[in-house]
Amino acid sequence: MKNNNEIKTQFLFEKVNYKILLTGLAVIALGFLLMAGGGSDDPKVFSEAIFNFRRIRLAPTVVLIGFGITVYSILKNPNPQQVQENTEDAFPEDKPIKNFKNKKK
């Protein structure tokens with residue numbers, strides 16, 4: 001016999017949203033890995049490698065793209081049909097009042 005008091009758990013996002021979110025986090029991590037390095041082993045010697053294209057231009061761009069992907073994953077609606085069905089109940093003030101009698105004297 002089934003228990004009728006079971007609570008159905010519903011996640012905030014769908015599976016697709018979580019996949020896109022993890023992809024965005026991986027892109028952010030890749031951007032930070034591209035920024036790493038470029039230092040000198042000897043603290044008395046300055047290394048120009050910290051100012052190369054990869055660390056100054058490419059890595060920050062990759063990180064920003066990763067942030068864009070994560071924002072997209074949060075804003076993406078996986079079921080647009082479900083939202084359209086629920087918009088009918090979204091404005092109850094547009095529905096007629098049930099027990100209202102219009103009395104004219």
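The values are calculated or read from the model by the stated rules, or taken from the named source; none is laboratory data. As the structure is a computational prediction, the values presented were derived from the model and not from experiment. Reconstructed Cβ throughout: ideal geometry from the backbone, glycine too, with neighbour counts over all protein chains shown. Just the protein is used for accessible areas: all its heavy atoms, side chains included, with ligands, DNA and RNA removed. Shrake-Rupley method; radii C 1.70, N 1.55, O 1.52, S 1.80 Å.
Structure values in brief
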| quantity | calculated |
| --- | --- |
| Residues (at pLDDT 95 or above and either small (Gly, Ala, Ser) or touching a Pro at 6+ places or on another chain (Cβ under 6 Å) (or both)) located in the stretch 8-34 | Gly24, Ala26, Ala29, Gly31 |
| Of all residues making up the stretch 1-43, the number that are in contact with a Phe, Trp or Tyr (Cβ under 7 Å, 6 or more places away or on another chain) and in contact (Cβ under 8 Å) with a residue 60 or more places away in the chain | 0 |
| Test: Phe32 is part of a helix (DSSP H, G or I) and either over 23 Å from Ser73 (Cβ atoms) or open to solvent by 80 Å² or more (accessible area, probe 1.4 Å) (or both) | yes |
| Pairs, first farther than 15 Å from Leu33 by Cβ and open to solvent by less than 70 Å² (accessible area, probe 1.4 Å) in the stretch 44-62, second among the charged types (D, E, K, R) and modelled with pLDDT of 85 or more, C-beta under 9 Å, six or more apart | Ala49/Arg55 |
| Every residue from the stretch 14-29 that is open to solvent by 60 Å² or more (accessible area, probe 1.4 Å) and not aliphatic (A, V, I, L, M) | Glu14, Lys15, Tyr18, Lys19, Thr23 |
| Number of positions in the stretch 63-72 that are open to solvent by 90 Å² or more (accessible area, probe 1.4 Å) and in contact (Cβ under 8 Å) with a residue 40 or more places away in the chain | 2 |
